[in-house]
Amino acid sequence: AQTVTQSQPEMSVQEAETVTLSCTYDTSESNYYLFWYKQPPSRQMILVIRQEAYKQQNATENRFSVNFQKAAKSFSLKISDSQLGDTAMYFCAFIRGTSYGKLTFGQGTILTVHP
Amino acid sequence: DVKVTQSSRYLVKRTGEKVFLECVQDMDHENMFWYRQDPGLGLRLIYFSYDVKMKEKGDIPEGYSVSREKKERFSLILESASTNQTSMYLCASRDKNTGELFFGEGSRLTVL
């Protein structure tokens, strides 16, 4: 079974600074996808960024980028130039690369951006 | 845009009541999911459905059942609600080409 671990229950950062959220996972699969989802307070969960395991290049999406270390099974999220709107719960998630795989989530990290 | 709609944002029920949580998606996705979100535990999968009339147990199915009679609708049923089922329930549908899940806004259930 796959497991996803986020070891930081809470993080805080000053506006305009950079913060990195950690995620590790455990799987015997070679083909899979990794995701970071964001859940703002009382709002819908939305996708932040997605990484295919077969791609060596780290995914980036504007101010959001990942550091994907396949051998170490590590998938951290870096948020640059943090904004107040980045305040949210962030979830790391894993899915096998099949049509019928289920998504496994980590415990979540609450990120607070301070002005 | 994909839209996943959950019928109720907030519900308060009494112990022993039957509870229905409805979820509808408009993107013709085959895969749909019900998760439960609790502080410190993240999201835990209750049930999922590959396609109409197909369902699979997730990690915590006890006390729950589901129904998928139409492709766009996936219902979660609590046959006899208990206080330990007080939680946030999230429905999602999945784009099977990208693996991405699209979530509803969530249903916060309180069982008294």
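So the values come out like this:
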{"item": "Output for segment B:10-58, where each listed residue is more than 12 Å from the chain's Cα centre (by Cα), within 11 Å of chain A (Cβ to nearest Cβ) and not in a strand (DSSP E or B)", "result": "B:Glu30, B:Pro39, B:Gly40, B:Leu41, B:Tyr50, B:Asp51, B:Met54"}
{"item": "Qualifying positions in segment B:85-112 - at pLDDT 95 or above, in contact with a Gly (Cβ under 8 Å, 6 or more places away or on another chain) and either not hydrophobic (A, V, I, L, M, F, W, C) or not in a strand (DSSP E or B) (or both)", "result": "B:Gln85, B:Tyr89"}
{"item": "Search result, residues across segment B:75-102 that are more than 14 Å from every other protein chain (Cβ to nearest Cβ) and over 12 Å from the mean Cα position of the chain (by Cα)", "result": "B:Glu79, B:Ser80, B:Ala81, B:Ser82, B:Thr83, B:Asn84, B:Gln85, B:Thr86"}
{"item": "Search result, residues across segment A:59-115 that are outside any loop (DSSP other than H, G, I, E, B) and more than 15 Å from the chain's Cα centre (by Cα)", "result": "A:Leu84, A:Gly85, A:Arg96, A:Thr112, A:Val113, A:His114"}
{"item": "Among (1) touching a Ser or Thr at 6+ places or on another chain (Cβ under 7 Å); (2) farther than 23 Å from B:Ala92 by Cα; (3) modelled with pLDDT of 95 or more, the one test that A:Phe68 misses", "result": "(1)"}
{"item": "Hits in segment A:71-92 - residues which are more than 14 Å from A:Glu15 (Cβ to Cβ) and either in contact with a Leu (Cβ under 9 Å, 6 or more places away or on another chain) or of a type in the set (A, V, I, L, M, F, W, C) (or both)", "result": "A:Ala71, A:Ala72, A:Phe75, A:Ser76, A:Leu77, A:Lys78, A:Ala88, A:Met89, A:Tyr90, A:Phe91, A:Cys92"}
{"item": "Residue within segment B:59-71 that is modelled with pLDDT of 95 or more, closer than 20 Å to A:Met89 by Cβ, in a loop (DSSP other than H, G, I, E, B) and not aliphatic (A, V, I, L, M) present", "result": "no"}
{"item": "Any hit, segment A:35-44, residues being polar (S, T, N, Q) and over 22 Å from B:Arg36 (Cα atoms)", "result": "no"}
{"item": "Flag if A:Gln8 is within 14 Å of another protein chain (Cβ to nearest Cβ) and free of Cβ contacts under 8 Å to residues at least 12 places away in the same chain", "result": "no"}
{"item": "Test for B:Leu78: is it more than 25 Å from A:Ile46 (Cα to Cα), at pLDDT 95 or above, touching a Phe, Trp or Tyr at 6+ places or on another chain (Cβ under 7 Å) and buried (at least 16 other Cβ atoms within 10 Å of the Cβ)", "result": "yes"}
{"item": "Single residue of segment B:1-22 satisfying the filter (in contact with a Cys (Cβ under 8 Å, 6 or more places away or on another chain) and aliphatic (A, V, I, L, M)) that is nearest to B:Gly63 (Cα to Cα)", "result": "B:Leu21"}
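To keep it simple, each residue is scored yes or no on (1) surrounded by 14 or more Cβ atoms within 10 Å (Cβ to Cβ); (2) of a type in the set (Asp, Glu); (3) more than 9 Å from chain B (Cβ to nearest Cβ).
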| position | (1), (2), (3) |
| --- | --- |
| A:Leu21 | yes, no, yes |
| A:Ser30 | no, no, yes |
| A:Gln44 | yes, no, no |
| A:Leu77 | yes, no, yes |
| A:Gly97 | yes, no, no |
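The values are calculated or read from the model by the stated rules, or taken from the named source; none is laboratory data. All values reported here derive from a predicted model rather than from experimental measurement. Heads up, the Cβs are rebuilt from the backbone with ideal geometry, glycines too, and the neighbour counts pull from every protein chain shown.
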